[in-house]
Every structure is written in structure tokens, then in C-alpha cells.
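*Asks:* Before anything else, here's the structure in question.
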Amino acid sequence: MLNFQNLYLFFITSLVLNLTPGNDMLYVASRSVSQGIKAGITSAIGIFAGCFVHILAAVLGLSLIISRSAYLFQLIKFVGAAYLIYLGIKALLSKQAIQTKKENNGRADYRSLFKQSALTNALNPKVAIFFLSFLPQFINTASPVFKLQLFTLGIWFDLQGTLVLIIVACILGKTKDFFSRNPKVWMIQEKITGFILVGLGTKVALTTKR
């Protein structure tokens, strides 16, 4: 058995994080509004590919850390909890909004959109730090299959996030006028998820010690 830890917290936290209007969602939203649903979906798939690179890197890097230093691994777990709180505070203070400006060229270059999305995500060090600090919260390091645990949770998070982004692309591609006229709706959602992230980060920190 995979024997995960705090799995219910992972499902809740991953869903909240993927629903938070972060950079990836803003990017997909902007592409969907300016270039259409297909452009948004293509961007979402590109982001999935970029995240997959970070998942592999996290599995390899964390596996090395687990095998060499239990203390360092525990430190990373606490850093991960603090990072969740940081993301929540950042969401509460954020004033970002989706861009509704139309692109000059009518037809989107889907291959370029995919490459751009994948490379932007794969080369973003913040994504690497996120996976390195987030995934260890929910695995059992004593398990002989902890590498599989890391990979499974990473893939779940990536697939779930991609599905959310595709839904965002489909909705915003059809309701772009509403969000153009009501940018506060986007902002309110971000504040709500900010409070949830702070609470989840605190919960993870308190349940890390056994």
C-alpha cells in the first residue's frame, strides 16, 4: 500500500490551490479571453507539460534528501507549511486582474502557445520550490515506495490543475464580457481562497509533528 499521510488535507489543499487565481490561471484566462477557448486549452496543456518537469525533478531531489537527512526533510515540511500561508497572504494582498485586451491577430498559433506555456512554467523556479516544499507534507518517508507516493501526488495535482484551467478556458471564452464588466468578481474569489490557504497552511504546520 502507498500509505500516504494526511491525504484528506492534500485533496483539500490541492483543490484550493488549483482554484486560486494564480499566474497560471491568469495566463490561461487572458489567452481564452483574447484568443478563444482553444487557445486557453492549449495553454493549459502546455502548463501541464511544464509542471510535469518539476514533478520529476522534485521526486528525484526529495528522494536524495530523504535518503541522506531526516532533519532536513522535516525542515522542508515546515517550510512547505509556511509557503502555503505565504500564498494565502499573497492572494489576500493581490490586486491582479485578467487581461481582456484583444490580440491583433485573429488566429492563434497553437504550437507556439503550447511551447510558450510549457517553457514559461518549466523555467519558473517558484514552481520548483512549490513542489519541493508542498509534496513532502503528505508522504510517509518510512515507506519503501515513497518515490511512488511523491510521483502519484504530483501527477494528481498536475492533472487536477489542468482540468481546472481547461474549465476556466471554456467558461471565460464564452463569458468574457461578464468578466470585462465585473473584474471585482475575480478579486473576491481570490480573497476567499487566500483565507482558506492561510488556514490550511496553519493546519499542516500543526499536524506535521507526531
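The values are calculated or read from the model by the stated rules, or taken from the named source; none is laboratory data. Nothing here was measured: the structure is a model prediction, and the numbers come from that model. All Cβ positions, even for glycine, are placed from backbone atoms using ideal geometry, and neighbour counts span all protein chains on display.
*Asks:* Suppose we filter Ser67, Ser112 for residues that are part of a helix (DSSP H, G or I), modelled with pLDDT of 85 or more and among the hydroxyl-bearing types (Ser, Thr, Tyr); which single one remains?
*Replies:* Exactly one residue qualifies, and that residue is Ser112.
*Asks:* Out of the residues in segment 124-146 meeting the condition of being crowded, with 16+ Cβ neighbours inside 10 Å and small (Gly, Ala, Ser), tell me which one is nearest to the chain's Cα centre (by Cα).
*Replies:* So, considering only residues that are crowded, with 16+ Cβ neighbours inside 10 Å and small (Gly, Ala, Ser), the one nearest to the chain's Cα centre (by Cα) is Ala128.
*Asks:* Where residues in segment 179-200 are β-branched (Val, Ile, Thr) and closer than 15 Å to Phe10 by Cα, which of them is modelled with the lowest pLDDT?
*Replies:* This residue is Ile196.
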